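Below: one structure, written as structure tokens.
The values are calculated or read from the model by the stated rules, or taken from the named source; none is laboratory data. Small disclaimer: the values here were computed from a predicted structure and weren't measured. Cβ atoms come from the backbone with ideal geometry, glycine included; neighbour counts cover every protein chain shown. We work out accessible area using only protein heavy atoms, side chains counted, and drop any ligands, DNA or RNA first. Shrake-Rupley method; radii C 1.70, N 1.55, O 1.52, S 1.80 Å.
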Amino acid sequence: MNVLVLNCGSSSLKFAVIDPGASVEHVSGIGQRLGTPEATLDIKRNGSKSSRAMPGAAHGEALRAVVEELRSLGLADALVGVGHRVVHGGSKFSGSMPITPEVIAKIEECVPLGPLHNPPNLVGIKIAKELFPELLQVAVFDTAFHQTMPAVAYTYPVPYEWQDSYGVRRYGFHGTSHRFVAKQALAQTGLPTGDHAIVTAHLGNGCSCTAVRNGKSVDTTMGLTPLEGLMMGTRSGSVDPAIVGHVAAARKGPAEKVLDDLNKKSGLLGVSGLSNDMRAVEEAAAGGHERARLALDLFCYTLAKSIAGLVVPLGRLDALVFTGGIGENSTTVRARTVGLLGFLGLELDAAANAVHGKGQRGRITTGERPQALVVATNEELMIAMDTAEIARGNGR
Ligand code: AMP
């Protein structure tokens, strides 16, 4: 039972054909710089990579090329469905949905909440429906997992009517990843399905933490948009909102430009002045670069503060999960963060931390409970699993 997983960004298209039952990825790839003369399509299969130039190709052409490739590999006919990553489902979706005209209309209604992401997601859905008119199409939302948050976690202390009038509330993101790694952590730790308190830390270019109580998200660090919460690669995370007006007035420029800088020129990049890439920041910090050191310190400090804050809704901590490019690979970030959280009863196992992330997953602390562990995320597999489950439910 194979599923085609699609993730369409503004100028990119990621795809994978996955057998969710066997957790096998048959082929994957990415179309990049779509709509420009430098557009390319890279395909990965059995450990080997091929790349082709597709000057000027837009999403439609790239997806058609992907389908040709799947046909030549004999993978196009055995699909049970297409699973689409959709970033913003607002309060309208609390789970993955088979795509119908009503679902498309609701995703369109969420465009003001996700103006950068939902439109390209919709383009992917439209093209996939044209190419595979008979196939089940499923939308898997980044926000859906967090719809279980109680009002006290999703309400902002702003004029209450902003919620109804403008949709101002916490939605949270990275839900597919948090859901996936929380499930994996349960399997790895043996914690009971019906009684567990886990914080999942998804640390990639974008970073967020979620408090998971008995399989449900009860609070998370990202908010109305992915700008809130932890310090990230280029995003500031939470800052005093008055900074926007202050800097705009000082520059005699628009607030939008300041917001753009908070999204694209802040975080690791803004503080270090060097890079949004944790590897480069760590290397420079180790070489004595002062601002790189500060960026690394600040990243771990804000992360630890947020994790500790999420223990409030949980009432206790059984497990802390590190995932994403930084969480899975940075021994330094994990060691520092666990070190700052010693008061919760976490004690680093330095030897385990040193080897984990290099293909090895599992516990990096000495005690059983609470414990910190490394789990590899796989959002594509989760999307394929949801699509296959809906296909089974539909009798396909
Ligand atoms: P992602 O968005 O999940 O692909 O994660 C990207 C982030 O992971 C970037 O900041 C990378 O620098 C970081 N990353 C990847 N490998 C390592 C590594 N070995 N050590 C530290 N950070 C890493």
Report, in whole Å, the centroid distance computed from the Cα atoms of segment 86-141 and segment 1-78. 19 Å
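Taking only protein heavy atoms and a 1.4 Å probe, what accessible area per residue, in Å², does segment 251-396 have with all protein chains in place? Before the final figure, lay out each step's value.
Working: 6900 Å² over 146 residues.
On a per-residue basis, segment 251-396 sits at 47 Å².
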Quick one: which residues, 5+ away or cross-chain, put their amide H under 5 Å from the amide H of K92? H built at 1.01 Å from N. none
Gain in span if fully extended, E109 to V312, counting 0.36 nm per residue against the direct Cα distance: 69.7 nm
Using a simple spin-label model with points 7 Å from Cα along the Cα→Cβ vector, what separation in nm is obtained for S50 and L294? 5.0 nm
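Need one word for the chain: rounded, prolate or oblate. Basis is the Cα gyration tensor (sqrt eigenvalues a ≥ b ≥ c); a/c below 1.5 gives rounded, then a/b vs b/c decides.
Working: a/c = 1.39, a/b = 1.26, b/c = 1.10.
Cα axes put the chain in the rounded bin.
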Under 8 Å for C-alpha pairs, at least 6 residues apart: give me the relative contact order for segment 85-154, rounded to a whole percent. 53 percent
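Take peptides 181-187, 170-176 and line them up by average Cβ neighbours within 10 Å, highest first, as a rough protection proxy.
Details: 181-187: 20.7, 170-176: 26.6.
Per-residue Cβ counts within 10 Å, averaged per peptide and sorted highest first, yield 170-176, 181-187.
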Whole number in Å², please: accessible area per residue of segment 64-221, 1.4 Å probe, ligands, DNA and RNA not counted. 41 Å²
Sort 309-321, 36-48 by packing, meaning the average of other beta carbons within 10 Å per residue, with the highest value first. 309-321, 36-48
Given the whole protein assembly as supplied and a 1.4 Å probe, what does the accessible area of D142 come to in Å², nearest 10? 0 Å²
Looking at this model, which pairs from K264/K305; K106/K216; K44/K106 are more than 29 angstrom apart at the alpha-carbon? K44/K106
Note down the magnitude of the dipole of the chain about its Cα centre, charges +1 on Lys and Arg C-beta and -1 on Asp and Glu C-beta and zero elsewhere, to the nearest 20 debye. 340 debye
Normalising by the residue count of the chain, find the relative contact order in percent from Cα pairs under 8 Å and 6+ residues apart. 14 percent
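If you roll a 1.4 angstrom probe over the protein chains with everything in place, what fraction of the accessible area of segment 198-248 belongs to carbon and sulfur, to the nearest %?
Values: 940 of 1620 Å².
Here carbon and sulfur together make up 58 percent of the probe-accessible area.
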Dipole of segment 90-171, positive direction: furthest Cα of Q137, V158, A105, with charges on the beta-carbon: V158
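Below 8 Å, C-alpha to C-alpha, sequence gap of six or more: please give me the relative contact order for segment 1-95 in percent. Spell out each step's value before the answer.
Working: 172 pairs, mean separation 26.1, N = 95.
Relative contact order for segment 1-95 comes out at 27 percent.
Just to be sure I understand: of the beta bridges DSSP finds with both ends in segment 1-82, what percent are antiparallel, rounded to 5? Mind showing how you got there, number by number?
Working: 24 of 27 bridges.
Percentage antiparallel, nearest 5: 90.
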